[in-house]
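For reference, the structure discussed in these notes is given below.
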Amino acid sequence: MFSPQSTEVIRATLPVVGAAIGDITTLFYRRMFDAHPELERDLFNRGNQKQGEQQKALAGAIAAFATLQLEPDSAKVDLILSRIAHKHASLGITPDQYAIVHEHLFAAIVEILGDAVTPDVAAAWDEVYWLMAETLITMERGLYQLAGVDAG
Ligand code: HEM
C-alpha cells in the first residue's frame, strides 16, 4: 500500500500513463541499451526478448501493479510478483540493476509525458516503482539463497 496522496495521483494519471505505455517502453529500452549495451547483449537476449508485446512486460507490469494497489488484493499481487521474481532469478538479475531500470524508465516517462509529470506525479510513480522493486529484490534474494547461489 502507498500513501493516500500517491493513491489519488496514481488514480488520476493511470489513464495517461497507460495510453502512452507503448511509446514509453520503446524509448526506455533504447535509452537503457544505449547506456548499457551489455544488458541487451547478455541479459535481454538470454530472456528471448521479442519485439512488441513481450517488450511491454516490464513497464506494463508497473502499470498493472499500480492498478492493483488502488483496489488491493494482496494474494493477486504476491502471485504476480512471485512469477516475475522467478523469471528474474532464472536470469540472474541483481539488485543494482533496479536503479538502472529506474533511471531510464523514468527518463522515458518524462520525455514522453512532458509537463504532465509534475513533481507530485513523479513522486507517486517513484513510490510505485520502488515498492515493487524492493519486494522483487527481497523475493529474488530468497530464491538465490534457497538455491545456494550468489545473486547474478
Ligand atoms: C520493478 C521493476 C521490474 C518489473 C516490474 C519487472 C517486470 C518484469 C516482467 C513482468 C517480466 C516478464 C515475466 C514473465 O515472463 O513471466 C520481466 C522479465 C524480465 N525482466 Fe524484469 N522487471 C523489473 C526489473 C527488472 C530489472 C532491474 C532487470 C534487469 C536489468 C529486468 C530484466 C528482465 C529480463 C531480462 C526479463 C526477461 C525478458 C524477456 O523474456 O524478454 N527486470 N520483468
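The values are calculated or read from the model by the stated rules, or taken from the named source; none is laboratory data. A quick note: this is a predicted structure, and the numbers were derived from the prediction, not measured. Here the Cβ is made from the backbone with ideal geometry for all residues, glycine too, and neighbour counts use every protein chain on show. Ligands, DNA and RNA are stripped out before the accessible areas are found, and what is left, the full protein with its side chains, is counted by its heavy atoms. Shrake-Rupley method; radii C 1.70, N 1.55, O 1.52, S 1.80 Å.
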Quick calc, Arg83 & Ala12: beta-carbon distance into FRET formula, R0 30 Å, rounding 0.05, result 0.55
Average Cα contact separation per residue, the chain, under 8 Å, 6 or more apart, as relative contact order %: 42 percent
Using a Förster distance of 25 angstrom, determine the FRET efficiency expected from the C-beta separation of Glu38 and Val110, and round it to 0.05. 0.50
With every protein chain left in place, what is the accessible area per residue of the chain in square angstrom, probe 1.4 Å? 56 Å²
The whole-number value in µm²/s of the Stokes-Einstein translational diffusion coefficient for the chain, with Rh from the Kirkwood sum over alpha carbon pairs at 4 °C and 1.567 mPa s, is 81 µm²/s
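Return the FRET efficiency for the residue pair Asp120, Leu91: r is the Cβ-Cβ distance, R0 is 25 Å, and the value is rounded to the nearest 0.05.
Numbers: r = 34 Å, r/R0 = 1.38.
It comes to 0.15.
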Theoretical gain in end-to-end length, Asn45 to Ala61 [0.36 nm per residue, Cα-Cα removed]: 3.8 nm
Roughly how many nanometres apart are two label points built 7 Å out from the Cα toward the Cβ at Asp23 and Gln145? 4.4 nm
To the nearest 20 Debye, how big is the dipole of the range 4-147 about its Cα centre, given +1 on the beta carbon of each Lys and Arg and -1 on that of each Asp and Glu? 560 debye
